[in-house]
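This report refers to the structure that appears directly beneath it.
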Amino acid sequence: MAQEDLNKYKWAMTVDIDRCTGCQACVVACQAENNVPINDADSFEKHRAIEWIHIERYWEGEFPNAKVRFIPLLCQHCDNAPCEPVCPVYATYHNQEGLNVQVYNRCIGSRLCVNNCPYHIRFFNFWEAEWPDSLKNQLNPDVTVRSRGIMEKCTFCIQRIRRTKRDANVNGFEIDDGSRAINPACVNACPTEALVFGDMNDPNSKVSTIKEKESKKSGRGYHLMEHYGTSPNVIYLKKIEKK
Amino acid sequence: MKLEYDSKTRKGKLIYPEKVIERSLGKVPPSKDLIDKHLHKRGGMFRISLMFTAIFSVIGILGTIFKIINGFDNLSDWSVYVTACVFIFTTFMGAPMLSMATKVARGNWSRPVSRLSEIFCISGIAGLLMFLPILWVLPSLEDGRNTLWFYDPGKVPAYSPHIWTTIAMIAFILTALALLWINARPDFAILRDNSKGKNKIYSFLSWGWVGSTKQWNSLRQRVSILGIFYFMLLITVHFCLASDFLMTLLPGWIDSLYPVTQAHNAIQGGVAVLIIAVFIAWKWGGYKQYIGLDQFWGLGKLLFGISLLWVWFFISSLMVLWYGKKPNERDVLQILMFGKYLPVFLGTIFFVFIIPFTLLILNNVRKSFYGPPIIAISVLIGNFLDRFRHYSSAYSLDRTIDENTHRFANLPEIYVPSIVDIMVLLGAISLPIFLILIISKYVPIISLWENREYILYGSHEKYHHTEVLVEGKPY
Amino acid sequence: MQEHTQLSDKEITDDLLSPVIRSPKWFWMTIGSLGLIMLLGLSGYVWELYSGLGVTNVKRPVYWGAYITNFVFWIGISHAGIMVSAILRLTQAEWRRSITRAAEVLTLFSLIAALSNILFHVGRPWRIYWITPLPPVVIGYDFARGIWPNIRSPFVWDPVAVGTYLLSTILFIYTCLLPDIALVRDKVKSKIPKIIYSVLALGFRGTPRQWKIQATTPILLSALVLPIFVSVHSIVSWDFAVSIAVEGWHSTIFAPYFIIGAIHSGVSAVACLMAGLLWLYKLDKYIKPDHFDAIGRLLVIVATIWLFTLFLEWIFALYPLEDPEIALRNMQVFQSPWNYLFILFLFTAYIIPVSAWLFKNIRRSAKWMFFTTILVNVGMWLERFLIIIPGLSRRTELSFNWGSYSPSLVEMGLVAFTFAFVICGILVFARIFPIIPPFDVKEGMRLRHVIKIGKRNISAVVRE
């Protein structure tokens, strides 16, 4: 097997808010792919729901002129992540492919990371997750089922990235840009292709092209809460407003 | 009291009799020697220092006039001027704190040097004179500069910071002068009674002091209340200077600790300046009999502790600003510490912390006559460098913002003082000393009444097989 | 001090050793009831261990709740020990003699209570030892999977600082205890306690060489412990201040603010403890109104400096005129229930106690000091609560995630556990070792002199 070049890829994602319809297909796909515990009405009321990617909604105006704005929020995989220096046991660190990695079996649940994340996209397991019998066969064997007391968050479906890279290495093919095998579940599920995932190190990939085009002054690209200086790897594209 | 204890059988109660030391006011009159020292004509060295400081003060005033003529528009021209002015407040005007603090804590060792520390109150006049032009230098709030006074056009005056700081400063200096006068009143009375011929000015200054119990009680009360006010005003003045005259000029620098840091640096500079003044009084003033090793030792211990505290304040600020890696805070640290001002910053740490800490930690250095003064000089150099890196960088800052990164386009170079700036700096150091020398002709620099109390309350006694110092704690 | 009764050595020994020789009448009842509270609290913890942290009311976005508040509170109280014994020893204040040991024992148990709160707070307490730098392979077992703790994390600085403080407190207490253990060893008659005390006394016989070492050690330890005094609570404050994403936390004043708050609540706790010991053990000859007067005056100064740092924190939080921060402060001052808590905090932590302490009669009365200092500590617990929870409930601009918090029954039970633990610990310590050091008091008696100036007698003391 050829030696893996760890610096080859830099994973990034763009989220086009103009294309996003708020259908939540990404939320469902993520829950299915990553064994995210089931949230019921009680979890939402108690503010303990776990949604690795979720759609934030903000209402404006009154009926009948009410408008809703929504934005998919997921872990930004910041290059200058504020959550990384504070973990006492190195349960979260930045790997060489630009991902902010969460190591479940190292986490002791001190919850320093979640206080330091400006985007509120880290989640804590307050209870032992329970699945009804009928859903137990649906659990993804590639992903750890987390016990209580552990932090979790979006991983850019690192299990899919690892699997595709291993396949490519073993079988000797190059990974295509936009390959559905390496895309996270949310990107695959999005009906409008609002989510685009790819390798920022490849200048021809779709994410690089979007970044190049939209990061100019005339472009729609922006980072969320830029003044914190977190250097996120997720680029949001502004909604085009009707004049 | 009798001992009822039989050491052979170990029976009976062992009561330690209170050993009574007899003293009397009559046997400890106000020191004739000190009165003579104060009243006789000043020698050659005094006159030479007076002349030199007078000349340099005039040079400083000329420098200030040049600067005023050149106008108030260019903020960066005034960098060193502001540094020099704040330097006066963080050194000379911090010295009276020793007298106030030891009076509250009822320490005995500081009595010989308390008048020396109070006499620094007069340097506030120099500070105020230097401060007044800066009121025209500091921009008003109309151009959108943030301030602590929550500027609301029409409701809050656009010159609020100027007004509040000036009021605080005037109150500070008046309190300091009042403290000096109240503490010196008994001395003026002693001089009035003991000087032949020159009574008029001393009877005016003593304002009817007779030394009755009521007058003494009211003196102690007034000193403690005014002392507390002095401390509060010191903190207020440094709060106003550090926030409105410094932090608002460096966008992105929101440091809630810095006013306290500057007040603490003022106390450190004050103790350092006091040590040097005590050394001069000891070596060349002829007061070797009255200032002893105890005083240098106490001041050395204080300087050591305060220098350690400097590091604590410094790290507290640095830790919070550095850890989060926020872009605007990183820029502030580049400007103040790690960027172009790095040599100044390293100099600051070296002179203000490393030298005092490593040397004063040795008991031999702390408890010596030459150790604390040499280290005090190092502290003063470091204090100046500290003011320089903060005030010069803030005043000479180029405030253009880069469009793409939304951060500072250019970081400031180290501001090189011009000839006029050096003139002003010399004046800033000399004018307070000149004022102190002048006033020392009328105010005795070793307090006559405190010297008496020092002898009354401190007593060397034989204690078992050794000799110890016994200190009385009257109140 | 003005008042001073000269006591004989035998009187001092008899008075201070009687609670050690024989339990006071109220002892077992008190320990029993405190033990009951501790048991209830611990049963709550057992339930938390079994079910998970869901039994607390911690939720998104308030992930830190009553346990962290309690942790910071007890670290604050623990500063009493160093303040009273180290700082007062170095400034040679004579009035510290009766109260040093009680203050240090208070410190010892508050530090243990504080550390226990971290255990309650983490999600997987059975793995909490990963915060310590364990060797990779120990007898064939790799405890930490070969990974060192993250030295950049505030939660690693905390145990280092608190652990150092704990160790130095134990050393301090033990070295100052040696003469007194020797005294108890000589007085006790029953066999097994005599053996235990003899072992603990390490052969202290009162020879000049032993006294010399025993006298210089506390001075050295005091000087060495001063950096710890400043750094422990600074480090705990940096748990909050280094965080950029929580409003109201990212302020450089936190280190001095917390330390001065710690001195405020710690010294108040010592005054409260002194009043308690005075009444329980009838120590009228050793704990005098003068002590309370001195503590009261110190507290007025410390409390006012604390108020100033609070003012600085608020004014610099508001000065950038940023919306999230202003929303937070608006909530704290105007919205229910925070406005009630805020007013309650200001009144109990500063306004009522300090106004009371300006009067000499109140300062000299043990009863009034007891009640005002309890008020102070209620206020200071609220202060930590008001720093931690509102900031977390109004984090950043993502207003959709704003939330609220109030402690659950389990959390309140464990908070009560820590209080009962500390009180119980002090009382048990006072049963085993003399809580007021006889040798220190006797030393103070020996150093007394009187200077007679004219008709007035002024108390004087030998300067060390």
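The values are calculated or read from the model by the stated rules, or taken from the named source; none is laboratory data. Keep in mind the model is a prediction, meaning the values are calculated, not measured. Methodologically, a virtual Cβ is constructed for each residue, glycine included, from the backbone with ideal geometry; neighbour enumeration extends over all protein chains shown. SASA here: full protein model, heavy atoms, side chains in, ligands and nucleic acids out. Shrake-Rupley method; radii C 1.70, N 1.55, O 1.52, S 1.80 Å.
The table for this structure:
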| quantity | calculated |
| --- | --- |
| Size of electric dipole in chain C: Cβ of Lys, Arg +1 and of Asp, Glu -1, about Cα centre, debye, nearest 20 | 1800 |
| Point-to-point label distance, B:SER76-B:TRP216, nm (Cα→Cβ direction, 7 Å offset) | 6.2 |
| Reciprocal of mean inverse Cα separation for chain A (Kirkwood radius, Å) | 19.1 |
| Hull shadow area, averaged, chain B [alpha-carbon convex hull, nm²] | 29.6 |
| ³J(HN,Hα), Karplus 6.51/-1.76/1.60, whole Hz, each residue of the stretch B:122-135, x for Gly, Pro | 5, 5, x, 4, 4, x, 5, 4, 6, 6, 4, x, 5, 4 |
| Mean Cα-pair separation over length for the stretch A:192-243, i.e. relative contact order, pairs under 8 Å, 6 or more apart, % | 22 |
| Accessible area (Å², per residue) of the stretch B:246-294, counting only protein heavy atoms and a probe of 1.4 Å | 26 |
| Amide H within-cut-off set for C:ARG448, under 5 Å, with H built and near neighbours excluded | none |
| Cα-projected label distance for C:ALA223 with B:ASP36, points at 7 Å along beta-carbon direction, nm | 4.1 |
| Listing of the stretch B:20-48 residues, each with accessible area lower by at least 40 Å² in the full protein assembly than in the chain alone (probe 1.4 Å) | B:ILE21, B:ARG23 |
| Estimated FRET transfer efficiency (A:ASN169, C:THR175; beta-carbon r; R0 45 Å; 0.05) | 0.10 |
| Gyration tensor (alpha-carbon) shape descriptor, the protein assembly as shown, a/c threshold 1.5 | oblate |
| Set of lysines near C:LYS288 by C-alpha distance (under 18 Å), chain-local residues within fewer than 8 positions excluded | B:LYS473, C:LYS360, C:LYS367, C:LYS442 |
| Protein-protein interface of the stretch C:223-259, residues with accessible area decrease of at least 20 Å², isolated chain reference, 1.4 Å probe | C:VAL230, C:TRP238, C:VAL242, C:SER243, C:ILE244, C:ALA245, C:HIS250, C:THR252, C:ILE253, C:PRO256 |
| C versus A: buried accessible surface, summed, Å² (probe 1.4 Å, to nearest 100) | 4200 |
| Rel. contact order, % - alpha carbon contacts under 8 angstrom, at least six apart, the stretch B:387-475 | 14 |
| On Cα atoms only, tilt of C:66-81 relative to the major axis of chain C in degrees | 30 |
| Under 15 Å, Cβ to Cβ, from B:TYR454 - net charge with Lys/Arg +1 and Asp/Glu -1 | +3 |
| Chymotrypsin sites (Phe, Trp or Tyr not before Pro) restricted to DSSP loop in the stretch C:105-166 with at most 15 other C-beta within 10 Å | C:PHE143 |
| C-alpha long axis of helix C:27-51 to longest principal axis of chain C, angle in ° | 20 |
| Relative compactness, the stretch A:4-135, computed as alpha-carbon Rg over 2.2 N^0.38 Å | 1.21 |
| Sequence-distant lysines (8 or more away, or on other chains) whose Cα lies within less than 18 Å of B:LYS196 | B:LYS32, B:LYS37, B:LYS41, B:LYS441 |
| The stretch C:9-461 - Debye-derived log10 I(q)/I(0), Cα point model, q = 0.06, 0.11 Å⁻¹ | -0.29, -0.94 |
| Those trypsin sites (Lys or Arg not before Pro) in the stretch B:248-306 that DSSP places in a loop and that have at most 15 other beta carbons within 10 Å | B:LYS288 |
| Protein accessible area in the protein assembly as shown, 1.4 Å probe - carbon and sulfur % | 65 |
| Shielding by partners - mean other protein chain Cβ count within 10 Å, residues of B:309-322 | 5 |
| Total accessible surface hidden between C and B, rounded to 100 Å², 1.4 Å probe | 4900 |
| Proximal lysines relative to A:LYS10, as straight alpha-carbon distance under 28 Å, when same-chain residues fewer than 8 apart are discounted | A:LYS153, A:LYS165, A:LYS206, A:LYS211, A:LYS213, A:LYS216, A:LYS217, A:LYS238, A:LYS239, B:LYS325, B:LYS326 |
| Calculated FRET efficiency for the pair B:PHE66/B:ILE438, C-beta based, R₀ 25 Å, to 0.05 | 0.50 |
| Inter-site label distance for A:ILE38 and B:TYR159 at 7 Å from Cα along Cβ, in nm | 7.3 |
| Cut-off 15 Å between beta-carbons: net charge of the residues surrounding C:PHE334, Lys and Arg +1, Asp and Glu -1 | +1 |
| Compactness of the stretch C:101-179 as Cα Rg over 2.2 N^0.38 Å, two decimals | 1.33 |
| Residues of the stretch B:309-338 with amide N under 16 Å of a point placed 7 Å along Cα→Cβ from C:LEU318 | none |
| Karplus 3J(HN,Hα) series, Hz, for the stretch A:88-101 with 6.51 cos²θ - 1.76 cosθ + 1.60 (x for Gly, Pro) | x, 10, 6, 7, 10, 8, 9, 8, 6, 9, x, 8, 8, 9 |
| Interchain or long-range residues, amide H under 5 Å from A:ILE235's placed H | A:MET13, A:THR14, A:VAL15 |
| Sites matching chymotrypsin sites (Phe, Trp or Tyr not before Pro) across the stretch C:313-377 that sit in DSSP coil, with at most 15 neighbouring C-beta atoms within 10 Å | C:PHE359 |
| For chain B, with +1 on Lys and Arg beta carbons and -1 on Asp and Glu, the positive-most of B:LEU425, B:PHE87, B:MET100 along the dipole | B:MET100 |
| Residues whose placed amide H lies under 5 Å from that of B:TYR463, excluding near-sequence neighbours | B:VAL468 |
| Relative contact order computed over chain C (Cα-Cα under 8 Å; 6+ residues apart), in percent | 30 |
| Chain lengthening between C:LEU167 and C:SER33 when straightened (0.36 nm per residue, less Cα-Cα) | 45.3 nm |
| Rounded FRET efficiency, nearest 0.05, which uses the C-beta distance separating A:ASN80 from A:SER218 and R0 of 22 Å | 0.25 |
| Between helix C:154-187 and chain C: long-axis angle, C-alpha atoms, 0 to 90°, nearest 10 | 20 |
| 1.4 Å probe accessible area per residue over chain A, in Å² | 48 |
| Whole-number D in µm²/s for the stretch A:112-218 (Stokes-Einstein; Kirkwood sum over Cα pairs; 4 °C, 1.567 mPa s) | 77 |
